[in-house]
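Peer 1: Below is one structure. I have some questions about it.
The values are calculated or read from the model by the stated rules, or taken from the named source; none is laboratory data. Owing to the predicted nature of the structure, the values given are computational and were not obtained by experimental measurement. Positions of Cβ are generated from backbone atoms using ideal geometry, with glycine treated the same way; all protein chains shown enter the neighbour counts. Surface accessibility is based on the protein's heavy atoms, side chains included, excluding ligands, DNA and RNA. Shrake-Rupley method; radii C 1.70, N 1.55, O 1.52, S 1.80 Å.
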Amino acid sequence: MEKFGRDFFKNAPVEPGVYVFRGARDRVLYVGQSHNLKVRLAYYKNAQPEREPRRIIRLIHETENISWRTCSTAEEAQLIEIEQIRELRPKF
């Protein structure tokens, strides 16, 4: 995920939230949630092809944009994630 640059991941919040990966033509690829967005996004940034499932590596390669929304609690993030998955119908 070098295309996003070091500052992108460095500036990710250390808070609960929901994140959305988008690909070509703004297609929603993945919706996820975490109690710590910085840690979760670093997981994708540091993913190694020999250690991760192929679908994760495909997701990373197809991603052109990542956005996030912070939440006050991890429980709120979980509820928003479920709503967005139903609404956006991500590829992965």
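Peer 1: Of the residues in region 23-44, how many are assigned to a helix (DSSP H, G or I) and of a type outside the set (D, E)?
Peer 2: Restricting attention to region 23-44, the residues satisfying the condition of being assigned to a helix (DSSP H, G or I) are 24-26, 37-44.
Next, only the ones that are of a type outside the set (D, E) stay: 24-25, 37-44.
So the answer is 10.
Peer 1: Within region 73-87, which residues are within 28 Å of R6 (Cβ to Cβ) and either more than 13 Å from the chain's Cα centre (by Cα) or acidic (D, E) (or both)?
Peer 2: To start, the set of residues in region 73-87 that are within 28 Å of R6 (Cβ to Cβ) comprises 74, 77, 80-81, 84.
Answer for region 73-87, where residues must be within 28 Å of R6 (Cβ to Cβ) and either more than 13 Å from the chain's Cα centre (by Cα) or acidic (D, E) (or both): A74, I80, E81.
Peer 1: How about region 21-60: which of its residues are more than 15 Å from L88 (Cα to Cα), among the hydroxyl-bearing types (S, T, Y) and surrounded by 17 or more Cβ atoms within 10 Å (Cβ to Cβ)?
Peer 2: S34, Y44 - these are the residues of region 21-60 that are more than 15 Å from L88 (Cα to Cα), among the hydroxyl-bearing types (S, T, Y) and surrounded by 17 or more Cβ atoms within 10 Å (Cβ to Cβ).
Peer 1: Quick check on my filter: what residues within region 61-84 are without any contact (Cβ under 8 Å) to a residue 60 or more places away in the chain, open to solvent by less than 70 Å² (accessible area, probe 1.4 Å) and of a type in the set (A, V, I, L, M, F, W, C)?
Peer 2: C71, A74 - these are the residues of region 61-84 that are without any contact (Cβ under 8 Å) to a residue 60 or more places away in the chain, open to solvent by less than 70 Å² (accessible area, probe 1.4 Å) and of a type in the set (A, V, I, L, M, F, W, C).
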